[in-house]
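Notes to accompany the following structure.
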Amino acid sequence: MSIVPTRAARLLPDLPGWTSPEPAWDSHSEHGTLLRRVYTRGRAEAAVELMGGPWAADIVAQQVNVPLDDEAGWGGSRSWLLRGCRTHLVGTGRGGVHSLSIVLRGGPGDLHGSVRLSISGRHLRAADAEAIALMFDWEAMVAALDGPPPDPARVATASCPPPEPVEAPHKGEPVLWPMIPTLASMERLKRLQRRRPPRFVIVNEASIWEALSSAAEGPPGQDVTAQDAARFAAMPMPVLAITDPSFAPDLIWVGLHFASARLREALGLGPDVVEYRAVDASGSAAAAQAADYQVFRVVREADPVDLARMYGHEPDRGADGRPTTAWLLSVHGPHAPPRQTVWREGFVAPAPLFRDASGRLMATEALAERVMRARLADVAFQDVVSKASLRDLAFRTLR
């Protein structure tokens, strides 16, 4: 009796010169299809993932243009065509491969038909990752994971050139600024996380995310804001271990937001706007302990972005009124042209600091000015509406 190989085994077969400690496996959910197999050769490890559907589009959109340190001399991601397919390489400071990502099929508006092949691993050279990618049968992969034909209207909307940018806001538009850590601070944090042993770590990170996941589903009818508050209340006290004696930024974003005492004072916002919880940093260096970090949650949420004016039509929206994940992914990503953010005319911020529909922290002009005058070097306010923002990352300067 012959054994018919599984789809994962057929598409991710044995490779010459490489061994595999375990068989390939695949899974399927509403987010798409994932096939995975790990190959090893000496110290090198290559984790190969083949994704189809929304999963593929989501991760490709996240990984392109990731700001990186330049220890390897790259300074960022590298993009090129490999066998006619868009390919993106993101490297680590130690010369390994963070991710070799190949878009086998997909583009703006083709969410469910997207197919992506990625290779990542420790002690893996870029040339070896590319050689592994070329050993696979890409046509068979696309045929196995190809989704339904893309919606022509969605493709046209996502692919069309953005409107001519204007430097000044329209009358009635607010002045808003996404608040983020500076790029230098985020890049340094990544380097500390990659050290062995790590010099920045949330010691109880696993239990925190387990608690957040278990509290994710609230009772029927509970709104999103109430669910978010319940998750924050159920979270264990974060235990921060920052052992680098010179690293103590005022704003940290690692899935959770942390604010120093200086930032909390500069914000000057009450519990109806920002909710804080204590942090255990007793295992950190003196500078991090002196920063007196607290984890925080921004309470208010609003939707200031006029997506209809940005993309030419009103987006698909879910039952909660937010743009659907499918719509957002279909108009973002490496294939889509950059677009100037357009604020809703007449929009009134619900608080000096609030979250938009995508989770970004949005500050009003008055709050951004106040924080910048406090001279917090590790806090930045991103400019997403100017012509400069279409060419590169742009930030607010002190008035």
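Please treat every number below as a calculation from the coordinates, not as lab data. As the structure is a computational prediction, the values presented were derived from the model and not from experiment. All Cβ positions, glycine included, derive from the backbone under ideal geometry; neighbour counts span all protein chains shown.
What the table shows:
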| read-out | value |
| --- | --- |
| Average Cα contact separation per residue, the range 195-298, under 8 Å, 6 or more apart, as relative contact order % | 29 |
| Amide H within-cut-off set for ARG125, under 5 Å, with H built and near neighbours excluded | none |
| Net length gained if the chain between THR324 and ALA278 were fully extended (0.36 nm per residue, minus Cα distance) | 13.2 nm |
| Gyration tensor (Cα) of the range 302-395, equivalent ellipsoid semi-axes in angstrom | 25, 17, 12 |
| Mean shadow area of the range 195-298, taken as a quarter of the surface of its Cα convex hull (nm²) | 6.9 |
| Protection proxy ranking of 141-147, 306-312 - average other beta-carbon atoms within 10 Å, highest first | 141-147, 306-312 |
| Highest to lowest packing among 231-237, 113-119, scored as the average C-beta count within 10 Å | 113-119, 231-237 |
| Residue order, fewest to most beta carbons within 10 Å, for TRP55, TRP80, TRP18 | TRP80, TRP18, TRP55 |
| Estimated distance in nm for a label pair at ALA287 and LEU81, the labels positioned 7 Å out from Cα along Cα-to-Cβ | 4.7 |
